[in-house]
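The values are calculated or read from the model by the stated rules, or taken from the named source; none is laboratory data. Everything quoted here is computed from the prediction, not taken from an experiment. Reconstructed Cβ throughout: ideal geometry from the backbone, glycine too, with neighbour counts over all protein chains shown.
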Amino acid sequence: MGEKILKSVNSFLNVCDRFGYKAYLKIILTAMQMKFTPVHFLLVFMVTGSNLSAQTIKGKLLDSATGNAVPFANVYFNASFRGTTSDGNGLFSLDVSEFYGQEIVISCVGYEPLTIKEYKFTKFYEIYLKPQVVMLEELVIEPDDMPRQDKLEVFIKEFIGDSPQAKQCTINNLDELRLVYFKSTSTLEGYSDKPLRIHNRALGYRIKYFLEEFKKSEKHFGYRGNSLFEENITLNRRELRRVERKRKSVYYGSRMHFFRALWSGQLKHEKFIVMNRDDWSELSATEIVQTDSEDQNIKYLLPVAPLRIIYKEEHSNIDFEGDEKVLFTKNGYFNPNHLRWEGVMARHRIGDLLPYGYWPEGRQTESVFPE
């Protein structure tokens, strides 16, 4: 095949990633480069087909109180396109080939969300979900005299954000959102039994956000939850070009961009500078990254010092909570539990959120330029 066709197939891999076909297309591309005959193609798929299908975890979801099957639960990778639902018998099957190493999230109305941190392809999982019994509104023991509209304004500004992208976001089921204001602590808290349905017109995504907790006080702010993305397939070619420009502007300099650059050792190439805030010395990727000894798909950001991240003229800070090293993967996923952010990166909200399956158009996803 001609070089132009090979290049087209290679760029098409990113699109196929979200539909789970990327591994097969890589085989086709390699075979084309090696000038395989049809017989060779058949042998390749006979040998590799079972391996590809093996990159799937299977299991059954059960109610921990009754032992009954839990149907129609969401099983997915956080902030990605990749997810599935359990069937009427609680059975599920999830392809993990493109997101291996990331935590799997299980969410279902009426149950506490569950995260699977480690999994094996060869094991069938029986997973017990705990019923959700205590709701925020039932715990209120003081008057809540803050008007609903005022609560919503605070929530949308802090949760969705106030960036140009955020201003083009709408939450289609705000009636599902529970918000309670505690006057004694000047704290607004919230949650939702059902996923919030967010439409981001600027970035061309529809998002299911499973909000577990939202807190906003005078001194502190935070929210916790998981998201599942859906591409807006109704966009025409002109609209796609527009949203791609917006996506690029959000991507460059983001936390996702930083961790991808860190993974591949491309900090300088991607215009990042990492400084040790204790002595203001510059740090290289090799000084702050450790590769997992058993799994090359996983790396760790080491808590060597509080960090300053500089992207062009934008400054952000990372502080480590404790001595835990932070897991991250090549697509930009990182475990947020032991990190505290300040600066430009900390101001990014749901309105600026991109799925881990996103790569800027024309970028090679697995290129490495060692520093």
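K60 satisfies every condition listed in (1) buried (at least 23 other Cβ atoms within 10 Å of the Cβ); (2) closer than 20 Å to T122 by Cβ except (1). Given the structure, is H315 outside any loop (DSSP other than H, G, I, E, B) and farther than 30 Å from I233 by Cβ? For H315, the condition - outside any loop (DSSP other than H, G, I, E, B) and farther than 30 Å from I233 by Cβ - is met. In the stretch 125-153, the residues that are on the phi < 0 side of the Ramachandran plot and among the acidic types (D, E) reach residues that are exposed (fewer than 13 other Cβ atoms within 10 Å of the Cβ) and at pLDDT 60 or above with C-beta atoms within less than 7 angstrom, at least six apart or across chains, in these pairs: E142/K183; E142/S184.
When Y300, Y251, Y311 are checked against the criterion of being within 22 Å of E342 (Cα to Cα) and surrounded by fewer than 18 Cβ atoms within 10 Å (Cβ to Cβ), Y300 stands alone in meeting it.
Of all the numbered requirements in (1) in a strand (DSSP E or B); (2) modelled with pLDDT of 95 or more; (3) farther than 30 Å from V243 by Cα, D150 misses one, and that requirement is (1).
Would you pick out the residues in the stretch 217-235 that are part of a strand (DSSP E or B) and out of contact with any Gly (no Cβ under 6 Å at 6 or more places or on another chain)? Within the stretch 217-235, F221, G222, Y223, R224, G225, N226, S227, F229, E230, E231 meet the criteria. When E270, E294 are screened for being outside any strand (DSSP E or B), without any contact (Cβ under 8 Å) to a residue 60 or more places away in the chain and touching a helix residue (DSSP H, G or I) at 6+ places or on another chain (Cβ under 7 Å), only E270 passes. Has the stretch 325-335 got any residue that is closer than 22 Å to I273 by Cα and free of Cβ contacts under 8 Å to residues at least 24 places away in the same chain? There is no residue in the stretch 325-335 that is closer than 22 Å to I273 by Cα and free of Cβ contacts under 8 Å to residues at least 24 places away in the same chain.
Number of residues in the stretch 236-257 that are part of a loop (DSSP other than H, G, I, E, B) and out of contact with any Lys or Arg (no Cβ under 9 Å at 6 or more places or on another chain): the value is 2.
Considering only the stretch 180-218, state which residues are of a type in the set (V, I, T) and crowded, with 19+ Cβ neighbours inside 10 Å.
Going residue by residue through the stretch 180-218, those that are of a type in the set (V, I, T) are 180, 185, 187, 198, 207.
I198, I207 - these are the residues of the stretch 180-218 that are of a type in the set (V, I, T) and crowded, with 19+ Cβ neighbours inside 10 Å.
D279 meets all of the listed conditions (1) modelled with pLDDT of 95 or more; (2) assigned to a helix (DSSP H, G or I); (3) more than 19 Å from V344 (Cβ to Cβ) but one, namely (2).
Residues are listed down the side, and each one gets a yes or a no for (1) under 26 Å from I116 (Cα atoms); (2) at pLDDT below 95:
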position	(1), (2)
R206	yes, no
G222	yes, yes
T234	no, yes
K248	no, no
L262	yes, no
K271	no, no
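Scanning the stretch 346-362 for residues that are within 24 Å of F320 (Cβ to Cβ) and buried (at least 20 other Cβ atoms within 10 Å of the Cβ) gives H348, D352, L353, Y356.
Remark: pairs (first residue in the stretch 224-250, within 29 Å of V105 (Cβ to Cβ) and in contact (Cβ under 8 Å) with a residue 24 or more places away in the chain; second residue part of a helix (DSSP H, G or I) and not basic (K, R); Cβ separation under 6 Å; 6+ apart in sequence or on different chains) = V250/D352. With respect to the conditions (1) surrounded by 15 or more Cβ atoms within 10 Å (Cβ to Cβ); (2) out of contact with any Gly (no Cβ under 7 Å at 6 or more places or on another chain), A285 lacks only one, and its number is (2).
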